[in-house]
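The structure appears below as structure tokens.
Since every read-out is calculated from the coordinates, none of them should be taken as a lab result. Here the structure is a predicted model, which means the values were calculated and not measured. As a convention, Cβ positions derive from the backbone with ideal geometry for all residues, glycine included, and neighbour counts pool all protein chains shown.
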Amino acid sequence: MTPLLHVRDLTVRYPGRNRRSPVLAVDGVSFEVSAGETLALAGASGSGKSSTAAAVLLLRRPDSGEVWFDGRELTALDEPALRAVRPAVQPVFQDPYGSLSPRLRIRDAIAEPLRVQGRWDPVAGPARVAELLDTVGLDARLGDRRPHELSGGQCQRVGIARALASDPRLLVLDEPVSALDPSVRAGVLNLLVELQDRLGLAYLFICHDTAVVRHFAHRVAVLSDGRIIRTASARSLHPHPSGAARPRTTATTGKAATT
Amino acid sequence: MTGRPPLLSVADLRVAFPDGPTGRDVVHAVRDVSFDVSEGEVLALVGESGAGKSLIARVLLGMAPPTARTSGRVRFRGRELLGAARSGYAGLWGRHLALVPQDALSVLSPVHTVGDQLAAAVRSVRRVGRAEARAAAVAALDRVGIADAARRAGAYPHEFSGGMRQRAVIAMATINEPDLVVADEPTTALDPDVREQVLGLLAALRETTGAGLLLVTHDLDVVARHADRVLVLYAGEVVEYGPVKRVLERPRAPYTAGLLASLPPGEPTGSRLLPAIDGSPPSLREAASAPGCVFAPRCPLAADPCRTRRPAPVEAAAGHLVSCHRRADVPEVPTQLFGAGEAG
């Protein structure tokens with residue numbers, strides 16, 4: 001099976017401040033994610049997880065390397081061409097409140113991507129928003145509320161509904177449950193599993209909690225200093241009490257195994 | 001239990017806020033909470049967002065929001081603190097009571113060096129010269145494991161990493177060897193390796209200085225590894241209170257069981273779905289006006305008495321208090337009680 005996302009030799013540099021040399025945040029990273037699969041990116045703060053995600057989302061163009069999505073090389077595309085691809089690759093962020101505008105009602109926050117993409121249908125739109133709320137397990141009446149009236153878990157569900165509005169095929173989940181309480185976290189993770197099974201979504205899942213990665217992901221790529229130091233089956237992660245990502249095996253270093 | 005006299009003793013604590021259109025009604029955010037902390041002991045205050053754990057911590061420190069109305073007793077070394085004037089607290093802060101907040105940047109000044117801020121903390125309590133205060137600051141940074149402390153003391157907070165800032169805040173909170181340290185989610189913003197280092201540091205400090213530690217957290221892993229006893233809060237009330245080993249290994253309250261069940265399993269279970277507690281926590285008003293157990297609407301064991309009568313705390317085992325009518329029916333394996341896949 002051809003992977004949906006194939007990242008090759010990705011490099012991201014940040015300019016050094018005060019005449020210091022540039023920082024190599026992502027250093028020759030390669031991996032693949034197939035439809036219906038979850039690849040976790042694990043590693044300590046500063047290891048390059050979020051920079052990799054930003055490059056996959058083309059929020060920041062990588063300095064070198066290729067991002068193949070559904071048979072097209074994204075870094076070669078110009079802005080108008082990228083705009084056509086972007087709906088298919090959607091982010092869900094860590095901070096459920098910070099990623100929603102405090103001024104928009106929930107229903108407008110979910111409709112916004114459709115409006116921006118010029119796909120808003122004033123007749124069918126409201127029903128679509130209601131359907132998305134239902135999909136993420138929220139009462140349609142919450143559509144009238146604003147983010148501050150919702151719990152963290154409810155806001156994160158809105159963030160997922162908003163991502164789903166664009167009919168994506170890949171979700172980039174950047175620490176989507178790190179800010180949530182344990183019982184709420186379980187509900188949101190279950191929702192993501194159900195969506196993946198139903199819609200065949202691919203997930204690039206950034207998380208530094210080993211127990212969550214072991215449970216939720218299929219494979220894991222462990223980053224350190226901007227490089228993938230190993231790729232392994234998520235189950236092979238050692239449930240180290242510190243939560244640090246440490247695969248038990250060292251025999252699986254090297255290329256990402258395709259499923 | 002340590003057998004030592006409690007350093008801090010909290011009894012029947014209630015915290016209310018004005019409510020309703022006129023503000024004349026009140027809604028209780030914390031109801032009848034009692035616990036104590038002994039010297040050298042770590043008590044974890046566990047609960048989810050809105051359970052009231054941070055509010056309790058603030059009340060103890062005399063830092064409650066101005067509109068909060070409190071009742072009950074908060075005794076620190078036998079002295080009543082509740083209702084004490086701010087000036088009464090001023091003599092306690094730093095010297096006897098200290099706070100380690102979640103967000104280090106909220107207590108560090110961006111325009112002063114870390115060393116100057118630590119030295120100022122020393123001089124706010126002790127009459128010492130600048131050089132001596134400076135030396136104490138460097139020693140404190142060294143104690144919390146900041147390498148090259150003498151040079152680092154000259155750095156500004158933004159030049160520190162998140163983990164270093166949190167260490168600096170711990171150094172500041174403990175520099176005057178307080179009797180009780182209240183740490184409010186001290187590691188939530190840190191990545192796992194740094195989290196372990198910081199918690200290890202707090203645990204080590206109570207061993208060396210004999211301070212009591214009240215650790216506010218929602219992370220049961222942290223509780224399991226770093227606390228002696230645990231108080232589980234739900235919607236402003238105590239659900240379960242006792243030694244960590246007993247409470248986590250054999251929870252007697254369905255809510256505690258649900259929290260434990262919702263953790264990702266150590267070994268694969270064959271299902272990708274996690275057991276989850278149905279529904280969401282009640283609002284302040286719902287919780288305050290519930291006639292029965294506040295957890296009943298979400299509880300798989302809820303029966304008639306649960307909906308009409310508030311459960312009183314009962315001793316399930318030595319030093320292990322549980323507030324639950326159905327405590328005898330909670331299965332040994334928490335996951336048996338909660339199904340997977342229901343949206344929580």
**Report entry** Approximate shape of the range B:62-104 as ellipsoid semi-axes (Cα gyration tensor, √5λ), whole Å, largest first
**Finding:** 18, 15, 10
**Report entry** Spacing of the two label points (7 Å from each Cα toward its C-beta) at A:Arg60 and B:Glu332, in nm
**Finding:** 5.3
Query - In degrees, nearest ten, helix A:182-199 long axis to first principal axis of chain A (Cα) - result: 90
Query raised in the report: Shielding of A:125-133 by partners, i.e. mean partner chain Cβ atoms within 10 Å per residue?
Result: 0
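So if I take the alpha carbon set of the protein assembly as shown, get Rg, then get Rh from the Kirkwood formula, what is the Rg over Rh ratio? List each step's numbers first, then the result.
Numbers: Rg = 25.4 Å, Rh = 26.0 Å.
Radius of gyration relative to Kirkwood radius: 0.98.
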Requested in this report: Just report the Cα centroid separation between the range B:29-59 and the range A:107-158, whole Å.
Outcome: 36
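What is the Cα radius of gyration of the range B:6-232 over 2.2 N^0.38 Å, N being its residue count?
Details: Rg = 17.8 Å, N = 227, 2.2 N^0.38 = 17.3 Å.
Taking the Cα Rg and dividing by 2.2 N^0.38 Å, one obtains 1.03.
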Query raised in the report: Assuming a viscosity of 0.692 mPa s and a temperature of 37 °C, what translational diffusion coefficient in µm² per second does Stokes-Einstein assign to the range B:29-127, Rh being the Kirkwood radius over Cα pairs?
Result: 210
Requested in this report: Kindly list the residues of the range B:60-90 that lie in the label zone of B:Asp12, defined by a backbone N under 15 Å from the point 7 Å along the Cα-to-C-beta vector.
Outcome: B:70-75, B:82
Report summary line: Nearest-0.05 FRET efficiency for B:Thr188 and A:Glu73 at R0 = 41 Å, using Cβ-Cβ distance, is 0.55
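In a shell of Cβ-Cβ distance under 11 Å around A:Ser166, excluding A:Ser166 itself, what net charge do Lys and Arg (+1) and Asp and Glu (-1) give?
Details: positive: A:Arg86, A:Arg119, A:Arg162, A:Arg169; negative: A:Glu112, A:Asp167.
Value of the local net charge: +2.
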Query raised in the report: log10 I(q)/I(0), Debye, Cα-only the range B:235-336, no solvent, q = 0.16, 0.23, 0.25 Å⁻¹?
Result: -0.71, -1.29, -1.42
Requested in this report: Compute the relative contact order of chain B as a whole-number percentage, counting only Cα pairs closer than 8 Å that sit 6 or more residues apart in sequence.
Outcome: 19
Query raised in the report: Which net charge results for the neighbourhood of A:Ala127, defined as the other residues with beta-carbon distances under 13 angstrom from its beta-carbon, given Lys and Arg at +1 and Asp and Glu at -1?
Result: -1
**Report entry** Cα pair distances in the range A:1-141, grouped into 10 Å bins until the bin that holds the longest one, percent each
**Finding:** 10, 31, 32, 22, 5, 1
Requested in this report: Evaluate peptide B:262-271: per residue, the Cβ atoms of other protein chains within 10 Å of its Cβ; return the mean as an integer.
Outcome: 5
Query raised in the report: Using every alpha carbon pair in chain A, what percent of pairs falls into each 5 Å bin from 0 up to the bin containing the largest distance?
Result: 1, 6, 13, 17, 18, 16, 13, 9, 4, 1, 0, 0
Query - Label-point gap, in nm, between B:Arg95 and B:Asp142 - each point 7 angstrom along Cα→Cβ - result: 2.7
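Give me the inter-chain shielding for A:215-221: mean count of other chain Cβ atoms within 10 Å, whole number please. Mind showing how you got there, number by number?
Numbers: counts 10, 3, 1, 1, 0, 0, 0.
Mean partner shielding for this stretch: 2.
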Requested in this report: Set the Förster distance to 35 Å, then compute FRET efficiency between A:Ile229 and B:Glu249 from the Cβ-Cβ distance, nearest 0.05.
Outcome: 0.45
Query raised in the report: Roughly how many nanometres apart are two label points built 7 Å out from the Cα toward the Cβ at B:Leu105 and B:Arg151?
Result: 2.6
Query raised in the report: Just how large is the dipole of the range B:6-232 about the Cα centre, in debye to the nearest 20, putting +1 at every Lys and Arg Cβ and -1 at every Asp and Glu Cβ?
Result: 920
Query raised in the report: Given springs between every Cα pair under 10 Å in a Gaussian network model of chain A, which of A:Pro80, A:Pro91, A:Pro62 has the largest fluctuation?
Result: A:Pro80
Query - Charge tally in the Cβ shell below 15 Å around B:Ala149, where Lys, Arg are +1 and Asp, Glu are -1, B:Ala149 excluded - result: +2
